[in-house]
């Protein structure tokens, strides 16, 4: 595996870590923000979803420019915008200022969710591309969530006031973004963009010198619009899969440390650590070891089957603990207690494990669209999936507090279980297997 590929994994992964940090940090600090500003449930939903609205707006613009100008020309701008948005959060003096800061943060995240998956995919060998994308996205996102929990734990241990805790935790999200700004501005253009779209690019000689061989070049002469329309089915399918995945995944990521942790009687920080170290990381390691051997589809379908089973079990437990041989008193004021709380957390962790084995590590790693669309329209195709997903998820996150108060956690968890089953069917019927396949033309010689 050329060092060029792994360099892109590290540089791209830090942007994803920033996203994981910022998404999880708002979940951990939303309670503390209320000590500084007053807001309704709808306003809380809008605040939490602010970065998603920003991402939905920015993704399409960055995707179109990335296909026209190249990936390198925009890389670094995304993390700079993320850093500005994250830093402004800590300086906000009103609810409106904080919401606008999160919109700016989302613009950077949306740009990164277009550029990073495309860059990693276009510089990777077919035989290792799956594991590289899982490491870049699923692993680094989870690491960002753990770091967010750790930063908050430190601020609380220092006895800082709530009004300062949330400002420090949120603004610290600027640091991982800034750490890779220089490196992102120094990367080469991707191998596939050069070979299929811009063979005369000025980076050609530098890359060929590093690789020690010529880059195969075969310019794509088909029109942009024709390539885009011929990829429409896969772009739509990828958008729907990511949308459905994030309907439950992002909701759990944002509200889980508060809503589910409270339901189970544990602290948000402990909830984060246990979920990541006992379920998230083990699931990711399983996915990394299998994705380029057995393929994407089996892991997505197996993972979603597990998600459906364990979320439905959790839902039934919330409805009536007696289904599992426990007393009715195990459910007290919509919260599980005693053995029921332990069983509920076990169900949630098993759901998290199976999600990490397949859906979270593959769909959540933005792997579908980049592997199924031609280089000429790859960034635009990815941008469409990001915009659709972020906008739909933003609306879902905004509405969740109201839905929770109206329907209850049991009904919502059961609904998410059904989403898993629908997603399995879409994967089975529409998505082709891409295991070991080059995206368009082989870029690496055997043994390179």
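Condition check for residue 233 on (1) part of a helix (DSSP H, G or I); (2) surrounded by fewer than 17 Cβ atoms within 10 Å (Cβ to Cβ); (3) at pLDDT below 90: one failure, at (3). Looking at 221, 208, just one residue is in a loop (DSSP other than H, G, I, E, B) and over 29 Å from the mean Cα position of the chain (by Cα), and that residue is 221. Residues of region 163-176 that are surrounded by 16 or more Cβ atoms within 10 Å (Cβ to Cβ) and closer than 24 Å to residue 275 by Cβ: 165, 166, 168, 169, 170, 172, 173, 176.
Elements of the type helices (runs of 4 or more DSSP H) sitting completely within region 266-320 and holding at least 3 residues that are modelled with pLDDT of 95 or more and either out of contact with any helix residue (DSSP H, G or I) (no Cβ under 8 Å at 6 or more places or on another chain) or within 22 Å of residue 368 (Cα to Cα) (or both): these cover 281-294, 296-319.
How many residues are in a helix (DSSP H, G or I) and over 17 Å from residue 269 (Cα atoms) if we restrict to region 168-187? Counting residues in region 168-187 that are in a helix (DSSP H, G or I) and over 17 Å from residue 269 (Cα atoms) gives 13.
The helices (runs of 4 or more DSSP H) located wholly in region 330-379 that include 2 or more residues which are in contact (Cβ under 8 Å) with a residue 40 or more places away in the chain and surrounded by fewer than 24 Cβ atoms within 10 Å (Cβ to Cβ) occupy 339-357. Give me a count of the residues in region 57-79 that are in a helix (DSSP H, G or I) and surrounded by fewer than 24 Cβ atoms within 10 Å (Cβ to Cβ). Total satisfying the criteria: 8.
The values are calculated or read from the model by the stated rules, or taken from the named source; none is laboratory data. In this text the structure is predicted, and so the values were computed from the model without any measurement. Every residue, glycine as well, gets a Cβ built from its backbone with ideal geometry; the counts of neighbours run over all protein chains shown.
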